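The values are calculated or read from the model by the stated rules, or taken from the named source; none is laboratory data. Only a predicted model underlies this, so the values are computations on that prediction, with no experimental measurement involved. Cβ placement follows ideal geometry from the backbone for every residue including glycine, while neighbour counts extend to all protein chains displayed.
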Amino acid sequence: MPPGLIPLFPLRVVVFPRTPLPLHIFEERYKEMVGGAIRDQSEFGIVLAHENGIGNAGCTVKVEKLLQMYPDGRMDILTRGQRRFEIVTINEEKDYLQAEVSFFDDEDADAAPPELRAQALLHYKDLAALPASQAPGEPNMADRQLSFQLAQGLPDLDFLSSLLRARSEGGRLKQLNHFLAEYIPRQRTIERLKAIAPTNGFGGKLPGS
């Protein structure tokens with residue numbers, strides 16, 4: 001494989017460096033792709049899939065563990081995010097997409113202001129307390145890019161994609177704090193309304209409720 005050319009796996013998901021991503025592989029082309037990544041201990045790129053194409057930035061992952069192999073070749077794997085990249089050109093020589101990419105990282109080497117981290121951690125604690133929260137548990141506090149750890153369970157893929165592309169930890173924390181300050185109260189209201197007004201699935205209240 002030429003330098004800078006990596007396999008691509010378009011999904012409705014955003015993965016960040018050092019965050020886990022479990023995957024179920026069932027399509028023949030991706031069985032081939034993932035099989036090669038396991039054999040060569042190489043990376044493949046996760047990019048956000050849209051209705052009309054794919055995003056122009058993503059993050060590579062490596063297979064950390066083969067969880068289960070099925071008789072028909074399907075597999076459950078655990079991957080972990082590695083490096084962020086931008087797509088330079090698409091290559092369609094194989095059954096799955098490949099791309100020449102340009103890797104990037106944050107442009108500021110300074111640690112984010114402590115007050116931004118502290119505020120984000122408070123928001124994360126509130127997020128994790130929501131009944132429907134998908135927050136993944138205790139973040140890795142040693143990660144200088146803490147924003148990735150705190151954002152990985154959020155459902156807004158466009159917002160997550162913007163965080164992935166941002167090249168400043170301080171800037172990402174500001175974005176995250178602003179987002180969570182609006183998202184958490186809204187979710188609390190939604191969950192409170194669901195709790196007090198059960199419906200019959202068509203928007204009407206259940207008989208006797």
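Among the residues here, residue 102 qualifies as within 21 Å of residue 168 (Cα to Cα) and polar (S, T, N, Q). Considering segment 163-190, the residues that are surrounded by fewer than 18 Cβ atoms within 10 Å (Cβ to Cβ) and charged (D, E, K, R) include one that is nearest to residue 16 (Cα to Cα), namely 165. Out of segment 129-150, which residues are within 17 Å of the chain's Cα centre (by Cα) and within 20 Å of residue 190 (Cα to Cα)? Residues satisfying the conditions are 133, 134, 135. Taken together, the residues in segment 35-94 that are more than 22 Å from the chain's Cα centre (by Cα) and on the phi > 0 side of the Ramachandran plot amount to 1. With respect to residue 117, determine if the residue is among the basic types (Lys, Arg), more than 26 Å from residue 34 (Cβ to Cβ) and either buried (at least 17 other Cβ atoms within 10 Å of the Cβ) or not assigned by TED's automatic domain parsing to the domain that holds residue 189 (or both). In short, yes.
Every condition in (1) modelled with pLDDT of 95 or more; (2) surrounded by fewer than 21 Cβ atoms within 10 Å (Cβ to Cβ); (3) over 17 Å from residue 68 (Cα atoms) is met by residue 24 except one, and the failing one is (3). Are any of the residues in segment 43-66 more than 24 Å from residue 27 (Cα to Cα) and not polar (S, T, N, Q)? No, segment 43-66 has no match at all. Residues of segment 91-126 that are among the hydrophobic types (A, V, I, L, M, F, W, C) and without any contact (Cβ under 8 Å) to a residue 60 or more places away in the chain: 103, 109, 111, 118, 121, 122. The set of residues in segment 47-89 being aromatic (Phe, Trp, Tyr) and touching a Phe, Trp or Tyr at 6+ places or on another chain (Cβ under 7 Å) consists of 85 alone.
Against the condition closer than 11 Å to residue 6 by Cα, in the same structural domain as residue 24 (by TED's automatic domain parsing) and not basic (Lys, Arg), how does residue 70 come out, does it pass? No, not satisfied. All conditions in (1) under 30 Å from residue 29 (Cα atoms); (2) under 20 Å from the mean Cα position of the chain (by Cα) hold for residue 172, with the sole exception of (1). Just one of the listed residues (162, 209, 147) is modelled with pLDDT under 90 and among the hydroxyl-bearing types (Ser, Thr, Tyr), namely 209. So for segment 126-137 (the condition being acidic (Asp, Glu), assigned to a helix (DSSP H, G or I), in contact with a Lys or Arg (Cβ under 9 Å, 6 or more places away or on another chain) and within 26 Å of residue 47 (Cα to Cα)), does at least one residue qualify? Checked segment 126-137: no residue is acidic (Asp, Glu), assigned to a helix (DSSP H, G or I), in contact with a Lys or Arg (Cβ under 9 Å, 6 or more places away or on another chain) and within 26 Å of residue 47 (Cα to Cα).
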